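Working notes, structure below.
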Amino acid sequence: MTQTMIGVIGGSGIYEIDGLEQATWTTVESPWGTPSDEILTGTLGGVKMAFLPRHGRGHVHSPTTVPYRANIDALKRLGVTDIISVSACGSFREEYAPGDFVVVDQFIDRTFAREKSFFGAGCVAHVSVAHPTCPRLGEACLTAAQQAGVKIHTGGTYLAMEGPQFSTLAESKMYREHWGADVIGMTNMPEAKLAREAEICYASIAMVTDYDSWHPDHGEVDVNEIIRTLMGNADKGREMVRRLPALLGADRAPCPHGCDRALEFAIMTAPDKRDAALLAKLDAVAGRVL
């Protein structure tokens with residue numbers, strides 16, 4: 001039995017955790033670069049918490065420049081066992097309306113300008129992301145949101161685009177009609193893949209702000225409308241997070257879905273062929289198996 005530490009990665013509009021006790025902004029050094037910001041640590045309901053603003057306070061990082069590897073590595077170094085990703089998104093479904101939340105369980109990764117793995121030449125590893133989110137953690141988020149009075153949908157495919165521009169009308173229609181995506185955003189990839197490589201359970205909560213550009217009655221994305229919806233979603237998101245410690249508890253058993261053992265048979269490079277410099281950088285992410 002280990003101790004639970006909930007890590008919240010807050011996207012646009014989520015910049016704090018309400019009610020956090022002994023709150024301290026902590027600088028965490030990572031061999032993968034400088035994280036997006038300091039990490040706010042403390043306790044909530046007797047459970048350790050860590051909060052990282054994905055874009056940095058003041059929104060200084062674009063979706064492409066977010067230092068995803070440094071962020072996940074820093075959370076791992078702090079002892080985070082469960083990551084809740086909260087982010088704004090557009091909707092491809094009429095029933096997923098602005099103001100609603102969606103428990104994402106699948107991704108289509110269309111990003112192309114980001115480092116997507118901790119591993120590479122000198123230490124090759126392949127983890128499964130067939131089911132990229134943790135069902136146990138997603139269920140806890142669903143319950144927390146329902147308790148907070150949020151309208152939330154279970155299950156959805158998140159199309160991760162590079163950005164920073166929004167979709168063209170043709171792209172929006174293709175993602176919706178031919179690819180089967182349910183929501184669209186710019187930040188959950190490679191975040192989810194890296195969390196799996198770091199053996200951290202990961203859940204994604206998409207907060208719907210708009211209908212992208214496919215909807216005939218809404219037209220193109222209106223940034224002013226997005227910001228207004230974001231503010232309302234942020235309040236609901238913080239209320240959801242506030243209820244998670246009571247649901248997850250301070251004592252943590254091994255993940256029943258194996259998220260915390262993803263590297264068990266993943267590393268392919270023979271021990272005598274592994275690069276020492278890369279192994280040193282992997283001390284937190286893969287130290288359990290190396």
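The values are calculated or read from the model by the stated rules, or taken from the named source; none is laboratory data. Note that the structure is predicted; figures quoted are calculated from it, not measured. Please note: Cβ atoms are built from the backbone with ideal geometry, for glycine as well, and neighbour counts cover all protein chains shown.
A search for C-beta distances below 8 Å between a residue of region 88-104 that is over 11 Å from THR157 (Cβ atoms) and of a type in the set (Asp, Glu) and any residue that is buried (at least 24 other Cβ atoms within 10 Å of the Cβ) and at pLDDT 95 or above, counting only pairs 6+ apart in sequence or on different chains, returns ASP100/SER91. Being within 30 Å of THR27 (Cβ to Cβ) and in a loop (DSSP other than H, G, I, E, B): is that true of PHE118 here? Judged against the criteria, PHE118 is a match. Evaluation of GLY122 against the conditions (1) of a type outside the set (Val, Ile, Thr); (2) on the phi < 0 side of the Ramachandran plot; (3) touching a Ser or Thr at 6+ places or on another chain (Cβ under 8 Å) shows that the sole unmet condition is (2). Counting only residues that are of a type in the set (A, V, I, L, M) and in a helix (DSSP H, G or I), which one in region 67-92 is farthest from ALA181 (Cα to Cα)? So the residue we want is LEU78.
Being surrounded by fewer than 16 Cβ atoms within 10 Å (Cβ to Cβ) and farther than 22 Å from ASP82 by Cβ is not true of LYS281. Considering PRO98, PRO132, the condition of being in a loop (DSSP other than H, G, I, E, B) and buried (at least 21 other Cβ atoms within 10 Å of the Cβ) is satisfied by PRO132 alone. Going through region 243-264 one residue at a time, which ones are touching a helix residue (DSSP H, G or I) at 6+ places or on another chain (Cβ under 8 Å) and not small (Gly, Ala, Ser)? Residues satisfying the conditions are ARG243, LEU244, LEU247, LEU248, PRO254, CYS255, PRO256, HIS257, CYS259, LEU263.
The residue of region 141-180 that is modelled with the lowest pLDDT, among those that are of a type in the set (S, T, N, Q) and surrounded by 14 or more Cβ atoms within 10 Å (Cβ to Cβ), is SER167. Residues that are of a type in the set (Phe, Trp, Tyr) and within 26 Å of THR143 (Cα to Cα) were ranked within region 181-240; the one that is modelled with the lowest pLDDT is TYR211.
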